[in-house]
Amino acid sequence: MTTIAAVRTGVRPHRGAIITGILLLWLVGFTVLRGRDTLSLGAADVTSLHTQLNELNDAVGANRNSNPLFLYFFNEIRLVIEQLTNFVSALVSQPAFGRPVPLIGWLGVVALLGYGSWALGNLKVGLLAVAGFTFMGLQGLWQESMDTFALTLSAVLVSLLVGIPLGIWAGVSDRVNRVVTPVLDFMQTMPTFVYLAPLTLVFLIGPASAVIATLIYAAPPVIRIAAHGIRQTPKETLEAAQSLGTTRFQLLRQVMLPMAKRTIVIGINQTIMAALSMVTIAALIDAPGLGRVVLRSLQSLDVGAAFNAGLSIVVMAIVFDRVTTAASVRVERSRRSTSRFPASVRKVALLVGGAGAVVCLYLSYTFVWAAEFPTDLDLGAPINRFVTGVTDWTQVHLSAVTSDFKELVTNHVLNPFQTLLTDSPWWLLFAVLVALAAVAGSMRTALVTALCLALIVGTGLWFDAMSTLAATLLATVAVMVLGLVFGVWMGRSPKVDRVIRPVLDAAQTMPSFVYLVPFVALFAASRFTGIAAGVVYAAPVAIKIIADGIAAVSPTTMEAATSAGSSTWQLITKVQLPMSLRTIALAMNQGLIYVLSMVVVGGLVGGGALGYDVVAGFRQNALFGKGLAAGLAIVLLGIMLDRLTQSVARRAQATTDHVRH
Amino acid sequence: MSIPSQFTQQQLGQESAGETTMTTTTRNELLETPTAPTRESGRSTDPVISVQNLWKVFGAKAADVPSSPELRALSRRDLKERTGCVAAVCDLSFDVAPGEVFVVMGLSGSGKSTLVRCLTRLIEPTAGQVLFKGDDILQANERSLREVRRHSIAMVFQHFGLLPHRRVADNVSYGLEIRGAGKKERAQRAADVIDLVGLSGYENSFPDQLSGGMQQRVGLARALAGDPEVLLFDEPFSALDPLIRRDMQNEVIRLHHEVGKTMVFITHDLSEALKLGDRILIMRDGRLVQVGTGADLVGAPADDYVRDFVREVPRSHVLTLRWIMRPVQPDDVLDGPELGPEVVVRDAVRVVLEAERPIKVVEGGQLLGVVGDAEILSVVAGS
């Protein structure tokens, strides 16, 4: 460890001094030139670029049915997706085929889901599915839940149909993998909400666009994980099978796929969770369902109603997660059942259960009472009242604490920092950021940074972008503080890890929308609320990455350091943190991306700046162009921050490598 | 080498799977039967596998290396510096006789694992020939290569390479399954082979429920199930702990007696090589250093590398009387006991020391030489 220290003292002060110098120059420039050339733009003002984008929107609208690209490509895609979506909706959520109700009523849906979960997973998750979906109905949100369910199902079907074969292909072929990986990387670093606007430009608003947006977001996990599962087959097992004379098809079918099965099911789980999350957010482009309820209630600050819908989303997420997890366990365990007896009992029970489900299906097709969810028992209203009560109480009694905290952070941290970024002349900040990128990263990073910043200037939203940047950076600092504290704690103690990790996992299965609800309740709509929601959304990822990094530090090194007489604090600061530098940089990278992807959602609750521009663009036709430009600016910020943190991570790696050799 | 069947049967009767304790001693005693063919006669039959000038070079433009007289001559390090290519196997040639246990020995990085994979083209060789019963495997199309792998040459791997999602029986019969054998035939054959390797009772276990040694028995059974002519072993026992390793070595010896397959055995362990191998090929940096019987290596090392290798080997355990006998002198009294030339020194010590006269080394009724106390003691005491 002394070598690390030596290298640090040898290299860092130099670099640190330069960075400090740059920051000092910036402060001086800021004091002298404050308020000049800030490129600020009023909320309703637009630039010529925005107008041009509006015109493009109009032009696309006018030529949608004549332009060959649309006629033979985009419209066809939309048509296919629309038909699939309509079909699934007709099954469970929308009146169809001349009936006043969907083909399958609530009883049929609940029975089928329960039965399916039992068959694929176990009895416990079957009951969970029944209870969960019944609960949604009891909240008075059956219709909305089914809309969300239908969209999710459609998107998942298409995602798997495309994703699994593609993933397997990428697993088998290096060439395909080389092509697919960077595309997936890009799709996953892109903040989730920004492609909604361009999608509406091409596919109009509505369910079809929602499904396509969801597809883009939800397919990457299953592709990646399926490819990984296939690639993970031990080389020697492959060789052994080959040495016995397998054909390539036999190798895939009998060796690779069975061994990757469990991993692929985990990929399906990830895809379902991502799809649910995105379908909720697609309320922004007029997708029906629970997301729309949350959105509407947030706008009218009706926390109770938002909570109802949010709770339904969480319940649905939990059901999906548990069922697919149980299914992946069954894949693993079914082959293990060495005794024949329980298997046959289960088979008979499943047959009987299946018959029961079919009966329920028939009832729900035929009788109104089984088709429309009964309204006699309403759980929604009491929950709503209770939450509203709690919120009111909180606002009355805790507001001293919460608003003090909010004011403190807003006035003494957020505002000064934001002003520093937004009120500096744009060219000064431009130069400062590029210089920092050059010093902290490399010339290449500096080039990318310069390019991104120039394009942001081009979008006409420099002021808003810097405001968003300030919020993002602050939120990321908070995320990293949380990440380091909890990550180190978890990484050092398996016991703590066992307690905290499930909470983080649960938090990650929750659609990002839902995070806003309690924060709006606590802090009302404000910039601070948006940032806080972003922090809470991003923290679990950062914490987990750091915890894994700390836990991965070689036990031998730890033993050596302990036997040399290091204190706990010395172990952390001199061994574990330096040895996890790269992981920490990676956590920062992921934290930034996650925070940034919450910017748009934050815009819904007063987050302002780019997030507000995007949301406004969905609402008002005149601001469409500006919203699109704001989305672009978010992507540019994302690319810039991603490259910057990655090159810092690489540098961290290089430093440790240098020490090791 | 093949063993007369009556001995094989006898051997079988005495030993059960778990507790085989056959050693080189017993094997060499078996060799002393008049019907045992000598190594010379083994060599004279047509080889099962004949490797000719085999090359495997990794790297861009690897194909240029074997065809360039200049590059061929370079050492591995120089080649790496000049072209960036790594030559794993360089210009290797050897023959494997039917029924022979042919051991390839070398340290890690010597290219031995690459070599064994080249034999069935799990790794595609860069140049040369691998003749299996006269046909060049390297020229075979995908289909006939698959036929060779399915029916003629099977392999046992260091880390077993079992399919974790299949039971032992299904792992064993996997090779039969992919070549289209019926369910009944597969089950029957699997049961037979599982019995042969001493795994009866574990048919329905999954690989991860077995110990390492038992997993390797599954690997062995899988290779045997297709009744191949040749078995390839890639350091099959290196991942096992020493006691299990010894058991498994004995198991291979037993199986060799029982089924008489030709075996190519890769190892980095000299004592394993000496214990199992009829002949041993020593590889270093991809090249052949020496090939011969254990006694050849110990008695006449080709260079300092081999000499260094065999330094720790007790010579009396490896050298045979052929190596230490001296020509008959006129004053020798030739009425002592007779022994064959392939008797290992260690086993002859008692006879020689107890005899009053030098013992006669006789092969096929012909007197080859004599061995007296002095010769024996020079091997046993000095080295």
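Odds and ends about this structure:
- The mean sequence separation of alpha-carbon pairs under 8 Å and at least six residues apart, normalised by the residue count of chain A, gives a relative contact order of 21 percent.
- Order of exposure, largest accessible area first, which applies to B:165, A:14 with probe 1.4 Å: A:14, B:165
- Residue A:190 accessible area, 1.4 Å probe, all protein chains in place, Å² to nearest 10: 40 Å²
- Accessible area of residue B:357 (1.4 Å probe, protein heavy atoms only, ligands and nucleic acids ignored): about 100 Å².
- Of the trypsin sites (Lys or Arg not before Pro) in the stretch B:84-188, those whose Cβ has at most 12 other Cβ within 10 Å and which sit in DSSP loop: none
- Per-residue mean of C-beta atoms belonging to partner chains within 10 Å, peptide A:406-412: 0
- Estimated FRET transfer efficiency (residue B:70, residue A:568; beta-carbon r; R0 60 Å; 0.05): 0.45
- Temperature 20 °C, viscosity 1.002 mPa s: under these conditions the Stokes-Einstein estimate for the protein assembly as shown, based on its Kirkwood radius over C-alpha pairs, is 62 µm² per second.
- Here the simple spin-label model places points 7 Å from the Cα toward Cβ, and for residue A:485 and residue B:363 these points are separated by 8.5 nm.
- The residue list A:85, A:361, A:160 was ranked by how far each Cα lies along the charge dipole of the stretch A:67-391 toward its positive end, using unit charges on Cβ atoms, and A:160 comes out on top.
- Using only side-chain charges placed at the Cβ, +1 for Lys and Arg and -1 for Asp and Glu, the dipole size of the protein assembly as shown relative to its Cα centre rounds to 2060 debye.
- Point-charge dipole on Cβ atoms (K/R +1, D/E -1) for the stretch B:61-136, about Cα centre, debye to 20: 300 debye
- Each part reduced to its alpha carbon centroid, the stretch B:291-343 and the stretch A:155-175 end up 65 Å apart.
- Positive-end residue of B:352, B:298, B:249, charge dipole of chain B with Cβ unit charges: B:249
- Using a 1.4 angstrom probe on protein heavy atoms only, the contact between A and B buries about 2200 square angstrom of accessible area, both sides summed.
- At a probe radius of 1.4 angstrom, the accessible area of the protein assembly as shown per residue rounds to 45 square angstrom.
- Under 5 Å between amide hydrogens, built in the peptide plane, is the criterion, and for residue A:287 it picks out A:206 among residues at least 5 positions away or on other chains.
- Amide proton proximity set for residue B:89, modelled H, under 5 Å, gap of 5+: B:56
- Rg over Rh for the stretch A:87-142 works out to 1.04, both radii taken from alpha-carbon positions and Rh defined as the Kirkwood radius.
- For the stretch B:136-143, putting each phi into the Karplus relation 6.51 cos²θ - 1.76 cosθ + 1.60 with θ = phi - 60° gives couplings of 7, 5, 5, 8, 5, 7, 4, 5 Hz, in residue order, rounded to whole numbers and with x for Gly and Pro.
- Positive minus negative residues near residue A:505 (Lys, Arg vs Asp, Glu; Cβ under 14 Å): +1
- Set of aspartates and glutamates with alpha-carbon distance to residue A:574 below 16 Å, sequence-local pairs under 8 removed: A:559
- Amide H contacts under 5 Å for residue B:262, placed H, 5+ residues apart: B:99, B:231
- Between the C-alpha center of the stretch A:525-544 and that of the stretch A:188-244 there is a gap of 26 Å.
- Debye, to nearest 20: dipole size of chain B, +1 on Lys, Arg Cβ, -1 on Asp, Glu Cβ: 1440 debye
- All lysines inside 20 Å of residue A:347 as judged from Cα atoms, apart from same-chain residues fewer than 8 positions distant: A:124
- Within-14-Å neighbourhood charge of residue B:237 [Cβ basis; K, R +1; D, E -1]: -3
- Taken over the stretch A:67-391, the percentage of Cα pairs per 20 Å bin, counting from 0 up to the bin with the maximum distance, is 27, 55, 17, 1.
- Residues of the stretch B:153-182 that bury at least 30 Å² of accessible area once all protein chains are present, compared with their chain alone (1.4 Å probe, heavy atoms only, ligands and nucleic acids left out), are B:157, B:161, B:163, B:164, B:165, B:167, B:174, B:178.
- Between the stretch A:408-425 and the stretch A:439-486, the alpha-carbon center distance in angstrom: 15 Å
- Carbon and sulfur %, accessible surface of the stretch A:67-391 computed with the full protein complex present, 1.4 Å: 70 percent
- Among A:450, A:419, A:462 - extreme Cα towards positive end, dipole of the stretch A:336-466, charges at beta-carbon: A:450
- Among the DSSP helices (H) of chain A, those spanning at least 30 angstrom by Cα along their long axis with an average Kyte-Doolittle hydropathy of -1.0 or more are A:2-33, A:142-172, A:207-231, A:257-281, A:303-334, A:341-366, A:462-492, A:527-551, A:624-660; this is a geometric and hydropathy rule only.
- Residues in the stretch A:230-245 that, when all protein chains are in place, have 20 Å² or more less accessible area than the chain alone would give (probe 1.4 Å): A:236, A:237, A:239, A:240, A:242, A:243, A:244, A:245
- Packing here is the average count of other Cβ atoms within 10 Å per residue, and on that basis the peptides A:54-63, A:515-524, A:275-284, highest first, run A:275-284, A:515-524, A:54-63.
- Gyration tensor verdict on the stretch B:230-294 (Cα atoms; rounded if a/c is under 1.5, prolate if a/b is larger than b/c, oblate otherwise): oblate
- Among B:314, B:98, B:236, residue whose mean-square fluctuation peaks in a GNM of chain B (springs only between Cα atoms under 10 Å): B:314
The values are calculated or read from the model by the stated rules, or taken from the named source; none is laboratory data. Nothing here was measured: the structure is a model prediction, and the numbers come from that model. Quick reminder, even Gly has a Cβ in these numbers, built from the backbone with ideal geometry, and neighbours come from all protein chains shown. The protein model used for the area step is the full one, side chains on, heavy atoms only, and it has no ligands, DNA or RNA in it. Shrake-Rupley method; radii C 1.70, N 1.55, O 1.52, S 1.80 Å.
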